[in-house]
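Single-structure report; data block below.
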Amino acid sequence: MSSLPADYFAVFGISPSLALDLPELQRQFYVLSKQFHPDRFARASAAEQQYALDFTSLLNDAWRVLRDPQARGEYLLKSNGFEAGDSRSNPPPSELLEEVFELNMALEELRHGDGEARGAIASALERFLAMREALDADRDALFVRYDANREPETLRQLRALLNRRRYIENLVRDAQQALS
Amino acid sequence: MSVFQIDFGSDDSAQESAPPRVVGIDLGTTNSLVAFLDLTAPKVIPGSDGLSLVPSVVHFPIGGEPVVGAAAQRALLFDPRNTVYSAKRLMGRGAADVAGELALLPLTVAPGSENVIRLAVGGREVTPPEVGAYVLRQLKQNAEVFLGEPVTQAVITVPAYFNDAQRQATKDAGRIAGLEVLRLVNEPTAAALAYGLDKRQNGTIAVYDFGGGTFDVSILKLQEGLFEVLATHGDTHLGGDDIDNLLLRVALEDIASEWGADLSGNNEAVQRLRRAVIDAKHALSTVPVATIAFDDAGREYRRQLPREVFDQLITSIVDRTLASCRACLEDAGLTPAQIDEVVLVGGSTRIPLVRQAVRALFQAEPHTELNPDEVVALGAAVQAGILSGAVEDQLLLDVTPLSLGIETMGGVVSKLILRNSTIPASATEQFTTAVDGQRNVLIHVLQGERELAKDCRSLARFDLKDIDPVMAGMARIEVRFLIDANGILHVSAKDLRTGKEQAVEIKPSYGLTDEQVEAMILESFDKAEEDFKERQVRETRVEADRILAAVDKAKQDDAWFALPTAEQTAIDLAINELLLSYHGDDYVLIQQKMEALDHASRGLAESMMNSAVRGALKGTKIE
C-alpha cells in the first residue's frame, strides 16, 4: 500500500504555496473524492479500505483548511515552525484598544436593555468590516509575495496580519451576534 | 427442472460467486422498511402481509417469543406493559436523558439504566438496540423470502443529527440481528439520493425530514452525480410522537373534566386514546375537521378537532423545525432563495401546516412525488448499490452534525473537528504528562457546540495507558481522532518519542460494550440461522412437490412407455431417494436428490418435448 501524502498541499500534488486557484482545487477535490472515497472500497481488502479511509480523511481535512485563506495561512505558518498563537488570549492590537473598549461598552449597554447601543454597535461593525476588507487585500498580496520569495520575513509579517485579522473576525462575530 | 424445460440453464457456479446483495433499511421511530436495488431502480420489499411498512413495535409476551410489526402493534392495546414502541428515541441514551419520555411510556425501566436503558418487558430485560434488532431481523427475513437468498449485509439509515452513541447503538442493533452494517447513512441524505436518480443533475437542494421521532434538515449541492452535504441541522427529539403526546395530554384533560375521571394511570386506556388521537391527526391531513372517538367502560368521548385548532396546538413544534432550517441555511452560507429544490421526507410532512410552512420558508414548491414513508429506504438501497459497485456514477459526501472536542482545564471544551465538516475527517492533538513518572493520561471526548463540557454530550473517556515514565511534560503522545464515513469516532495514539503505537482504553459514556453486543448476537444469530434453514427446507419441499407431480404426470405419457427399462428404473430410484430425503430437514440433501431426479429424467423430458414439437409441426403442416 502506498504511503499517504506528507502534507495538505501534497494531497493535491502541489508544493506548499499560499496563492491558490480555488476553483481548480475544488475540481481536484471532487476528482480525488470520486476515486478514493471509502464507498468505492466497501468490498476491497482490509488494507485498501484502511487506505481509502486514511486518504479521504486527509483529503477532506486538506480541502477544509486550504480553501479558507486564514486557515491556509495558519497551516503554512505552523508547518514552518511559526505558532500562530491564540488571539483570544493575546492582548488586542494596541491601535484597536479604543475601538474594542467602545464596542465592549456598547455591548454591555445592549445587554442591560439599552436599545440605543445598537446604533453604536452597527457603526462599529461597519468599521470592522472595512478593516477586514483592507486586511484581506494585504493578505492576498503577502500570499503572492511569499510564493515568489519564500522568505521567513514575509511569514513573520503574515503571522502578524493573520493574528490581527482573526481578532477583528471575532469582533465582527460578536457585533453581528449582538445585533441579530 | 428438465421435466418442464429442457434447457434449465442454471449456472450454479456463477450464482455462488456473485457478491451477496446489500439491502437498504430505514429503521424508523414508527415504521421500518427494507429496499433493494433492482437493476437500476430501488424498490421496497413487502412482507408476507403484502405491506412494506413494518411498524417498529415489538411485543415481548411473558414466556413467549417476541412478535414484531403489525401484530405487536395490536398487542399495544391489550398488553402495553410488555410492548415496546418508539425505541429509536431511547437509542444511545441513558435513563436520565429520557426521563420525560419514559414517564409517557407504559414501560418499566430496570435498575442500572444509567448508560444503557434496560426495559423490563415480558419477564426479561431488553435494551433499545435489541428491540431494534428484532425489527431488523424481521426486515432481513422479509428480504430473504422476497429475494430468495440469504441477506447478511445492509445499509441502515439514521437521523442526520444522531450523535456518536446513537449511531453506535444502531450499528449494534444491526450486529445483533446478524447483519453486517456496511454503512450508516443519514436519512435526509438518503432521501436526496432517492430523488437524485431522476432529477436534474445540478443544483442546491434542502431536505426537510420530519418523522415519527426525529427532525432533520440537510442542504446539499448536487453536481454530476456527487451529492455534497453543505450543512445539516436537527433535533433527535422532535417528531410526530411529540404531536401525539400533545394531543393525548389535551384529550386526557378534556376527559378528566368531562367524566371527572383521570385515565392517565390506566395504561390500556391511554394506549387506546393514543390510537384515537393519532387517527384524528392522520384524518386532518385530508379533511378540515376530525373527531377523536374514544370509549371506555361504557362511556363515550367524542371531540371535534378542527384543523385550525390542531394547527394552533402544533405551531410551536413546527416553529422549532423552522428555526433548525434557518440555522442550517446560515451554516451553509445560503439564503432561502438560493435553494433550488425542497424535498419532504417523513410521515409528519403530510400535515398541511408543515407543508405550508416549508413552502413559505424556502419559497419553493416542495417535492412529494416519492412516498414520504418510503423515500429514505429507497435512498438506502441506492447507497447499498454504491457500496456494492452496482452504482458507479453517484457518490455521497456527508458531514458530521456535531462538533467534536476534548475537555481541557476548567471544564472548557477545545473543539477539534467542527460540525459540518465533510467525513471522514480527522484531527491530531498532542498530549503530555503533568507529573514525573505519570503512566496514564485520561482524555474526555465530547460532542456539541457549547463552550463548557457540562453542556456538551459526553461521548467517551479514553485512557492512554502504560506511558513510558518520564519527567513531567516530557512525554509526547499524539492522539488521532477520526470520524469515519458512518459518523462514528475512532481514536488511536502514538508515542512520538518511541514511535510506538500507544495503548488506548475506551470507556464509552453511553451504550453497550463490545462484549455485551457479542453476547446478544450469538443468541439471536443462531435463531436467525435456524429460521433461515427452516424456511429453506419449506421452500425446497414445495419445489420437490412440483417435480414429483410433474414426473408422476410424465409417467402417464407415451414417452414413458417408450423408455428403456434401465432408464425407467433409474427414474423410480431417484424418486424414492427424493422421497426419503423429503422428510428430513437437510434442504441441501433434498436439493441434491432433486437434481439427481432431474438428471435421471432428462431423457424422458427430451423425448416428451420432441414428440410435443413433432405434434405441433404436424398440426401446422397437415391441417
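Residues in segment B:78-88: is at least one touching a Lys or Arg at 6+ places or on another chain (Cβ under 9 Å) and open to solvent by 40 Å² or more (accessible area, probe 1.4 Å)? No, there is no match, as no residue in segment B:78-88 is touching a Lys or Arg at 6+ places or on another chain (Cβ under 9 Å) and open to solvent by 40 Å² or more (accessible area, probe 1.4 Å). Selection of segment B:449-471 for residues being open to solvent by 40 Å² or more (accessible area, probe 1.4 Å) and at negative phi yields B:Glu449, B:Arg450, B:Glu451, B:Leu452, B:Lys454, B:Asp455, B:Arg457, B:Arg461, B:Lys465, B:Asp468, B:Pro469, B:Met471. For segment A:1-85, the helices (runs of 4 or more DSSP H) that sit wholly inside it and include 2 or more residues that are at the interface with chain B (Cβ under 10 Å from one of its Cβ atoms) are A:22-36, A:46-66. For B:Ala194, the criteria (1) away from chain A (no Cβ under 14 Å); (2) in a helix (DSSP H, G or I); (3) closer than 17 Å to B:Pro401 by Cα; (4) not polar (S, T, N, Q) hold in every case but one, which is (3). Could you check how many residues of segment A:11-59 are in contact (Cβ under 8 Å) with a residue 40 or more places away in the chain, closer than 30 Å to A:Arg150 by Cβ, out of contact with any Pro (no Cβ under 6 Å at 6 or more places or on another chain) and not aromatic (Phe, Trp, Tyr)? Residues in segment A:11-59 being in contact (Cβ under 8 Å) with a residue 40 or more places away in the chain, closer than 30 Å to A:Arg150 by Cβ, out of contact with any Pro (no Cβ under 6 Å at 6 or more places or on another chain) and not aromatic (Phe, Trp, Tyr): 11 in total.
What do you reckon, is B:Ser426 within 12 Å of chain A (Cβ to nearest Cβ), in contact with a Phe, Trp or Tyr (Cβ under 8 Å, 6 or more places away or on another chain) and touching a residue at least 24 places away in the same chain (Cβ under 8 Å)? It is true that B:Ser426 is within 12 Å of chain A (Cβ to nearest Cβ), in contact with a Phe, Trp or Tyr (Cβ under 8 Å, 6 or more places away or on another chain) and touching a residue at least 24 places away in the same chain (Cβ under 8 Å).
Once segment B:220-279 is narrowed to residues that are within 14 Å of chain A (Cβ to nearest Cβ) and acidic (Asp, Glu), the residue that is farthest from B:Arg419 (Cα to Cα) is B:Glu224. Evaluate segment B:294-311: report whether one residue or more is open to solvent by 80 Å² or more (accessible area, probe 1.4 Å) and under 20 Å from B:Val358 (Cα atoms). Looking through segment B:294-311, at least one residue is open to solvent by 80 Å² or more (accessible area, probe 1.4 Å) and under 20 Å from B:Val358 (Cα atoms).
Looking only at residues in segment A:56-73 that are hydrophobic (A, V, I, L, M, F, W, C) and open to solvent by less than 10 Å² (accessible area, probe 1.4 Å), the one that is farthest from the chain's Cα centre (by Cα) is A:Leu59. Filtered by the rule that a residue be surrounded by fewer than 21 Cβ atoms within 10 Å (Cβ to Cβ) and more than 20 Å from the chain's Cα centre (by Cα), segment B:363-394 gives B:Gln363, B:Ala364, B:Glu365, B:Pro366, B:His367, B:Thr368, B:Glu369, B:Gly389, B:Ala390, B:Glu392, B:Asp393, B:Gln394.
Within the set A:Arg173, A:Arg132, A:Arg145, the sole residue that is surrounded by 14 or more Cβ atoms within 10 Å (Cβ to Cβ), farther than 18 Å from A:Glu83 by Cα and without any contact (Cβ under 8 Å) to a residue 40 or more places away in the chain turns out to be A:Arg145.
If you go through segment B:488-508 one residue at a time, do you hit one that is surrounded by 13 or more Cβ atoms within 10 Å (Cβ to Cβ) and in contact with a His (Cβ under 8 Å, 6 or more places away or on another chain)? No, segment B:488-508 contains no residue that is surrounded by 13 or more Cβ atoms within 10 Å (Cβ to Cβ) and in contact with a His (Cβ under 8 Å, 6 or more places away or on another chain). On inspection, B:Arg359 does not qualify as surrounded by fewer than 20 Cβ atoms within 10 Å (Cβ to Cβ) and either within 14 Å of chain A (Cβ to nearest Cβ) or assigned to a loop (DSSP other than H, G, I, E, B) (or both).
Given the condition more than 30 Å from B:Ser458 (Cβ to Cβ) and not aromatic (Phe, Trp, Tyr), answer yes or no: does some residue in segment B:82-101 qualify? The answer is yes; a qualifying residue exists. Quick check on this structure: which one of B:Pro128, B:Pro106 is within 19 Å of B:Ala173 (Cβ to Cβ) and in contact (Cβ under 8 Å) with a residue 24 or more places away in the chain? Within the list B:Pro128, B:Pro106, the selection yields B:Pro128.
The values are calculated or read from the model by the stated rules, or taken from the named source; none is laboratory data. Small disclaimer: the values here were computed from a predicted structure and weren't measured. Note that each Cβ is placed from the backbone with ideal geometry, even for glycine, and that neighbours are counted across all protein chains shown. What goes into the accessible areas is simple: the full protein's heavy atoms, side chains included, and nothing from ligands, DNA or RNA. Shrake-Rupley method; radii C 1.70, N 1.55, O 1.52, S 1.80 Å.
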